[in-house]
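This report refers to the structure that appears directly beneath it.
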Amino acid sequence: MQTENVVKQKKRGAPNAGKVRNTMAKYLFFVCAAMSVIAVFGIIGYILYAGIPAFRDIGFFKFIFGTNWSHDAGVYGILPMIVSTIVVTLGAILVGGTVGVFTAIFLVFWCPDKFHLRYNGNNKFLQKTVACINKINLRAVFDQVIKLLAGIPSVIFGYFGIAFIVSAFAGADVYGIGKGALSSALVLAIMIIPTVTSLSKNALEAVPQQYYEGALAMGNTKAQAVFRVVFPAARSGVISALILGIGRAVGETMAVNMVSGGRVYFPDGLFTPIRTLTTNIALEFADASRGSTLFAALFATGFVLLVIVLIINLSVNLVPKEFKGKRGNKVLHGAREEVVYEKKGLIPEILKYVAMVFAALIVVILAALILFILIQGIPNLKWDFLFGESSHQHPSLMPSFIATLYTILITLAIALPVGIGAAIYLVEYAKPGSKVVKVLRTFVDTLSGVPSIVFGLFGNLLFVSLFGYSVWAGSFTMVLVVLPTIIRSTEEALIAVPVSLREASYGLGASKIRTIFKIVLPSAFPGIATATILAIGRIIGESAALIYTSGMLITTAGAAANPGNMAPTLTVFLYMCWAEPTNYLGYDQAYATAVVLLIIAALLNLCVYLIERRVKKKR
Amino acid sequence: MLKFIKKKAAQSESAEKKSPLDIFDFSGENAISVKDVDLYYGEFQALKKINMQMPKHKITAMIGPSGCGKSTLIKTLNRMNDLVEGCRVEGEIAIGGVNIYDKSVDLSALRKNVGMVFQKPNPFPMSVYDNIAYGPRTFGIRKKSTLDEIVERSLKQAAMWEELKDRLNKSALGLSGGQQQRLCIARALAVGPQILLMDEPTSALDPISTGKIEELCEELKKDVTIVMVTHNMQQAARISDKTAFFLLGEMIEMGDTEQVFSAPKHPETERYITGRFG
Amino acid sequence: MKKKFLALGMAAAMSVTAVGLMAGCGNGSDGITVAFTRPSTSGTYGAFNELVVNSEGKSIDEAREEGLEFARNVQTSQETGNVIADVSAAPNGLGYISLGSVAANTDKIKAVKVNGVEATVANIESGDYKLSRPFNFVYPSEEGLSDLAKNFISFIESAEGQELVNEDYIGQADPVVDYTPYAGTEKTLTLTGSTSVQPLLNEFIIPAFKELNPGITVNCSGTGSGQGETDAVDGKNDMGMISRALGSDYEGRLVSHTIALDGIAVIVQKDVKLSNVTFDQLYDLYMNGTAIPFDAE
C-alpha cells in the first residue's frame, strides 16, 4: 500500500524530460497486463462458449446429473465423473494431506540437524565416513528432497503407481487388476505430499518464535507447545497448503489416467474403475469434431472443472488470516473451586510420534520412488538412447531434448516479457487497491489453478488451427500455463523491493522508467529468476497440455530442429512410452527418460537453492 | 508419564489436594538462591560465578549494560536457556529449596511455578479468554466453570478485568501493546506461579502503559516474587526492592535498591547509574 | 460417515498393500474374467463392436447404441500398447488389438482363434476370419489433397509399398502403380489419427518412403481414429488415419481411401490356456460380464 502511495506522489513530481518515453513505457506495460487479461478471459470465455451447446442440447440437468456417458449411444452425463473426482481428491487429501502436514511438523520441530553417529574403532576409513555422515545437514537434505519431488513430472508418479500400487492391489481386486478409485487416490496422495509438506513447512516456520517460547515458558512440553500453539497459529497457511494440494489433485490428468481404469462408474468400491473429469477430456477429446455434441460436452466438462477450481481458489480467500473469536461472551462467575494442576499432554505426545512415523513413511516412499526410478532407469541410460539418431526402431531422446529446449525458449520468450510487464504495471502503475487490479489478480489466480488438460483443449482449438500440430502450438499453449505463475511471482518480487530504494532514485532526479529498469528490476532479479526456473520446471513437467498440441510421436532430431514440426517433449515422450508402447519403446525407455527428468529437476532445484543462498548471503 | 500418574496418585492421598506440580517449598525467606553459577555458550562464558539471593514477595531488579548477562541469568531461572544450543550451566540454582538443574526436576512443574513475561508481548493468536485459559487447560483443567473462574481471577489480578470482560472472545492480537503485555502477565498468573520473571517487560511500551505495568508489579508482589530485567534505571529505582548490577557476565553488586542507587559500593556501579557509560 | 468409511478402507487397503508387496501377488482364477476395451475414439473399438455379433444377431455396437453399458469387468485401456500391457499383466484378461501389432509382441501375448478360425492374413483375405476392417486415409477432397500426400499414397500402392504392407496386413492396391519420388517443394506431411494404423506406417512405410525422399519429414501421430477425422475436417493434418470405415458423422464431409485391410486379433496373456473364443462368448464377456472358462472349446 505504502509503496504505491509514495510512487504516486513522486509520479506527479517526475521531471518533464523523457515524458513521452515514460508514457510509452506505461502503455507498453498496460498492454502486457491487458494481454494477460485477454488470455484469461479468452480461455474462460471460450470454454464456456464452446460448452454452452452441451448444456443446451443435452440439458443442464441431464448433463450434470446424468449417470451415463456413452459416445456410442449419444448420452453424456458427468455425475459419476464429478463424484469420482471429488471422492478421489478427498481420499488423496485425507491421506496425502495428513501425512504431508505431519511430515512438515516433524521437519520443522523434531528433525535432527545432524546425524550423531559414533564410532570408536580404529579403522580410518570408517572414522572418516562417520565424520562425513555427521556433517550432513539432515534437515536441509530432507527439505531439498521434498522440493525435488514437488518438481517431478506427474507422469513419473503414474509409473510408480502402476509398478507399486496397482500391482500390489491386484490380489485384492476381484478382477485381479488393481486399478480404480483406491489406486488413483493413493497416487494422487503421494503426488500432493511434496506440495503440502513444503507449503505447510513454510507456514509453520513463519509462526513467530515467541509463541513457541511463550508456551514453553508456561510449562508446556515441546509437543504441547507445537500442537496447541504453533500449529494452530499456522493454521491458515496449512489450510492454504491443503487447498493447493486439492487443486493439484483435481487438475491432475495423466498420472490418474494411468491407474484409474477409465470407466464411467460411481466410485462404489475400492477397485471400481473410474474416470475423473480431467481424464474424461483426455480420453474422449480425440474423437470430438468441432460442432459435435461430444465436442461441446467435453468443453462443458472443462467448464465444470473450471468452476470447481474457482470454488477451491475462492475458498482460499475464505480462510481467516487471523483468529476470529468463537467463545461466547458469557459473564463469568465461576465458583471458586479447588484447582488442581496436573501434568497432561498425552495427546500431543502421541501426535509427536505420529509425526515421526509419517515422516519415516515419507522417507520410505520417497526413497522407494527415487531408487525405483534409478534402479530401473540407469541400466537403460545408454549414450545411443540419449543422443543417438532417432527412428521408429531405435527411438532416442535427442528429438525430445531439442523439442523441450525449443518449448522452453519459445514459451519464455513470450511469457517472460508479457508476464513481467504485466507485473510491473500492476505494482508500479496501477492504482493500488483499485477494482481492476483486484479483478485481474483473481483471474490470474484462477488461471493458475486451471488444469493443464483444459489448456490443452484450448491450445488445440486455437494454436493448432493457427500453426498446425507443432512445437509452436505447444509452446504457445505453455505460455498460458506459465503466465500466471510468472506474473504473481514477479509481482511479489517487485513488492518486496523497499520503497526507500525507489525514493532514493527519484530523489536523484531519475525518471520513473529509469528507476524501474535500473533500480527496481535489478533488486527484484533473484525473485524473478526463481520464478523463471520454476516456470522452466513446469514446462518440462507438463504433459496434458502438450499431447494435443505438439503431439505424441517418434520423430528425428532433424525434424525436431524445426519447431514447425511435431515433436514430443521429454515428459510427453515418457507418457508415450506408456500410452503408445511398441517393441522398441516401453518401460525400459520410460525409466531411462524418468532418470533424465529427475536429474533435470534436481539441477533446477540446485539453481533455485543457489539463488536463494546468494540472496541470504547478501543480506 | 506412567510414573508420574502413580506419583500423583500417591501424593493426592497424603496431602490435601495438592497439585503434583507443586514440588517447591517456598516457606524459606529466599525464593531463589543462585550459587556459583557459570554459564557457557559453547566456548564463550556468559556468566561468571554468580551468587545471589532473591527474597520472597519482593521485586528484584537486574540492571546493567547490554550483553552483561542479566537476560541470560533470568532465562536460566526457568531454564528457557535449554532452548539455546550449546548452552551449559554449572553451579546451583535453587528455587523453593530445589536445585532446578537437577535431573529429577520436571520442566513443566518448574515453569508452572516460575512464570515468564517476555520483552515483546507475545499473546497467542487466540481469543483473550483462550489465552488465559491456555495454561490451565494444558494442565488438565477442563471444567468450564473452573476455567471461567480462573480467567476472571487472573484478569482481575492483572487489573484488566473491567477493560476486557466484554471482549473475552475477541482476538488477543487486536489489543494494544500495553494491554497485550498485561494480558501476558495475566496468562502467566493463570497457572498460579510463585515467581514471575520479567525480561524487560516495558521496553516495547509507551510511558502510560509502562506506568500501568509498574503499578501492577507493586500490586502483584503480595502474591508472587518478581525478578525483572530492565534497561530503565528509573524503573528499577521506582519499583524494585533489591537491585543487582551486572557487567560483562559478572554480578558487580547487589543490595537494597535505595542503597545501590544512593550509595553504590562499587565505582563501576556508580558510573553506570550516573549514566557515564552503558 | 462415508469419509470415515473411506478412511477405514484406506487403512485396510494400506495393510493389504504391505501384505501384497511381501507375499507377491498371485491370481488363482481359471478363466477370462476381465476384458479391456478402448475409448470410443478408437477405430479398432468401433470395428470390433460392429463386428462382434451374438447369436441373436445383435452386435455390441447396436447394444451400445441402445444405451446398454459394458459389464463391470470391462476396463478402458487408452491405446493399443496399453491393451497389450494390461493383458500381459492379467492372466485373466482379454483384449483386442490390430492383428498387425501381434507379431511384434508374441513374447507377452498371443492371439486366440475366433469362432474356430485362426487370425492369419490368409484367413482374412479368404473372408473366413470375421474380425477384419479397413485402414483408411481420410481427407476433405481429392482436389484439396497435397501433392506430397498423393505421392505418399502412390508409394503405398507401388510394388515396393505393397510388399511392405503385405507383411502383416493385406494390401488393397488394384492395380499396383509405378512410383516416382516426390519432386515438389513441400517438406512435411502430417498424418494424425489411429494408433492401429501407426505401426504399419511407422515400422514399414515411412522408413522406406524417407529413404527415397530424404528431405521429407512425415509426422505420424495421434490418439485414435476419431482424431484423424476431426483433424482432417479442421485442416489440422494432411490426411487422417482411421482404422475403420468412415464415421457416419463425416459422410459427405470427408472422403476415404483404403490403404490396407487389417484383422482384429483377440489377445490373451501368452501362457493362458485359452485357444478359441466365439462371438457369443465375446459379446457376453463384454456386455454381460460372463466369464470365459479356459477349457472352453
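Once the range C:53-98 is narrowed to residues that are assigned to a loop (DSSP other than H, G, I, E, B), among the small types (Gly, Ala, Ser) and facing chain A (nearest Cβ under 9 Å), the residue that is surrounded by the fewest Cβ atoms within 10 Å (Cβ to Cβ) is C:Gly67. A:Met552 falls short on exactly one of the conditions (1) under 23 Å from A:Asn257 (Cβ atoms); (2) assigned to a helix (DSSP H, G or I); (3) among the hydrophobic types (A, V, I, L, M, F, W, C), and that condition is (2).
Where residues in the range B:122-156 are in a loop (DSSP other than H, G, I, E, B) and more than 7 Å from chain A (Cβ to nearest Cβ), which of them is surrounded by the fewest Cβ atoms within 10 Å (Cβ to Cβ)? By that ranking, first place goes to B:Arg142.
Among residues of the range A:277-289 being in contact with a Leu (Cβ under 9 Å, 6 or more places away or on another chain) and in contact (Cβ under 8 Å) with a residue 60 or more places away in the chain, the one that is nearest to the other protein chains (Cβ to nearest Cβ) is A:Asp287. If the condition is being part of a helix (DSSP H, G or I) and more than 29 Å from the chain's Cα centre (by Cα), then the range A:555-569 contributes A:Ala557, A:Gly558, A:Ala559.
Do you know which residues across the range B:98-112 are closer than 9 Å to B:Asn78 by Cβ and not hydrophobic (A, V, I, L, M, F, W, C)? If the condition is that a residue be closer than 9 Å to B:Asn78 by Cβ and not hydrophobic (A, V, I, L, M, F, W, C), then B:Arg111 is the only one that fits. Cβ-Cβ contacts under 6 Å between residues 6 or more apart (or on different chains), taken from a first residue in the range B:88-108 that is on the phi > 0 side of the Ramachandran plot to a second residue that is buried (at least 16 other Cβ atoms within 10 Å of the Cβ), are listed as B:Gly91/B:Val37; B:Gly96/B:Phe24; B:Gly96/B:Phe26. Taken together, the criteria exclude B:Met228 from residues that are closer than 28 Å to B:Ile132 by Cα, within 14 Å of another protein chain (Cβ to nearest Cβ) and assigned to a strand (DSSP E or B).
The combined condition, being free of Cβ contacts under 8 Å to residues at least 60 places away in the same chain, more than 8 Å from every other protein chain (Cβ to nearest Cβ) and more than 21 Å from A:Pro348 (Cα to Cα), is not fulfilled by B:Ser171. For A:Ala413, the conditions (1) under 30 Å from A:Ile516 (Cβ atoms); (2) touching a residue at least 12 places away in the same chain (Cβ under 8 Å) are fulfilled apart from (2).
The set of residues in the range C:76-115 being of a type in the set (Ser, Thr, Tyr) and over 22 Å from C:Gly193 (Cα atoms) consists of C:Ser88, C:Thr106. Taking the range C:189-212 as the search range and keeping residues that are over 22 Å from the mean Cα position of the chain (by Cα) and without any contact (Cβ under 8 Å) to a residue 40 or more places away in the chain, which one is nearest to the other protein chains (Cβ to nearest Cβ)? Out of the qualifying residues, it is C:Lys210. Inspection of the range A:286-293 finds a residue satisfying the criterion of being part of a helix (DSSP H, G or I), closer than 15 Å to A:Val454 by Cα and touching a helix residue (DSSP H, G or I) at 6+ places or on another chain (Cβ under 9 Å). Can you work out which of the residues in the range B:95-117 that are of a type in the set (Val, Ile, Thr) and touching a Phe, Trp or Tyr at 6+ places or on another chain (Cβ under 7 Å) is nearest to B:Ala188 (Cα to Cα)? For the range B:95-117, the residue satisfying everything is B:Ile95.
Residue pairs whose Cβ atoms lie under 9 Å apart, separated by 6 or more positions or on different chains, with the first residue in the range B:237-251 and in contact (Cβ under 8 Å) with a residue 60 or more places away in the chain and closer than 17 Å to B:Met198 by Cβ and the second of a type in the set (S, T, N, Q) and assigned to a strand (DSSP E or B), are B:Ser240/B:Thr60; B:Asp241/B:Thr60; B:Lys242/B:Gln53; B:Lys242/B:Thr60; B:Thr243/B:Thr60; B:Ala244/B:Thr60.
Filter the range B:170-200 down to residues that are basic (Lys, Arg) and in contact with a Leu (Cβ under 9 Å, 6 or more places away or on another chain) and give me whichever is farthest from B:Glu219 (Cα to Cα). Among them, the one singled out is B:Lys170.
From the list A:Val596, A:Val572, A:Val615, A:Val608, the one residue that fits, being within 14 Å of chain C (Cβ to nearest Cβ), touching a residue at least 60 places away in the same chain (Cβ under 8 Å) and not in a loop (DSSP other than H, G, I, E, B), is A:Val572.
Considering (1) part of a helix (DSSP H, G or I); (2) at pLDDT below 90; (3) under 21 Å from C:Ala119 (Cβ atoms); (4) among the acidic types (Asp, Glu), the lone condition that C:Asp280 does not fulfil carries the number (2).
If the condition is being of a type in the set (A, V, I, L, M, F, W, C), surrounded by 12 or more Cβ atoms within 10 Å (Cβ to Cβ) and under 21 Å from A:Ala403 (Cα atoms), then the range A:360-391 contributes A:Leu381, A:Phe385, A:Leu386, A:Phe387. C:Leu145 meets each of the listed conditions (1) closer than 30 Å to A:Val471 by Cα; (2) within 12 Å of chain A (Cβ to nearest Cβ) apart from (2).
Yes/no per residue for (1) among the acidic types (Asp, Glu); (2) over 23 Å from the mean Cα position of the chain (by Cα); (3) part of a helix (DSSP H, G or I); (4) at pLDDT 90 or above:
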site: A:Glu342; (1), (2), (3), (4): yes, yes, no, no
site: A:Ile347; (1), (2), (3), (4): no, yes, yes, no
site: A:Ala367; (1), (2), (3), (4): no, no, yes, no
site: A:Gly377; (1), (2), (3), (4): no, yes, yes, yes
site: A:His394; (1), (2), (3), (4): no, yes, no, no
site: A:Ala403; (1), (2), (3), (4): no, no, yes, yes
site: A:Tyr406; (1), (2), (3), (4): no, no, yes, yes
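Just one of the listed residues (A:Lys135, A:Lys128, A:Lys147, A:Lys114) is among the charged types (D, E, K, R) and either under 24 Å from the mean Cα position of the chain (by Cα) or on the phi > 0 side of the Ramachandran plot (or both), namely A:Lys147. Number of residues in the range C:112-123 that are under 24 Å from A:Ile177 (Cβ atoms) and either within 12 Å of chain A (Cβ to nearest Cβ) or surrounded by fewer than 21 Cβ atoms within 10 Å (Cβ to Cβ) (or both): the value is 1.
Per this entry, A:Gly100 is counted among residues that are part of a helix (DSSP H, G or I) and more than 29 Å from C:Gly67 (Cα to Cα).
Annotation note: Cβ proximity below 6 Å between a residue of the range A:441-467 that is farther than 20 Å from A:Ala34 by Cα and a residue that is polar (S, T, N, Q) (sequence gap 6+ or interchain) occurs for A:Pro451/A:Thr278; A:Ile453/A:Thr253; A:Ile453/A:Thr278; A:Asn460/A:Thr549; A:Val464/A:Thr549.
If I filter the range A:434-450 for residues that are buried (at least 22 other Cβ atoms within 10 Å of the Cβ) and polar (S, T, N, Q), do I get at least one hit? Among the residues of the range A:434-450, not one is buried (at least 22 other Cβ atoms within 10 Å of the Cβ) and polar (S, T, N, Q), which makes the answer no. Sub-9 Å Cβ pairs linking a first residue in the range A:221-242 that is under 12 Å from A:Lys352 (Cα atoms) to a second residue that is acidic (Asp, Glu) and in a helix (DSSP H, G or I), at least 6 apart or interchain, are A:Thr221/A:Glu349; A:Ala223/A:Glu349; A:Gln224/A:Glu349; A:Ala225/A:Glu213, ordered by first then second residue.
The values are calculated or read from the model by the stated rules, or taken from the named source; none is laboratory data. Everything quoted here is computed from the prediction, not taken from an experiment. Quick reminder, even Gly has a Cβ in these numbers, built from the backbone with ideal geometry, and neighbours come from all protein chains shown.
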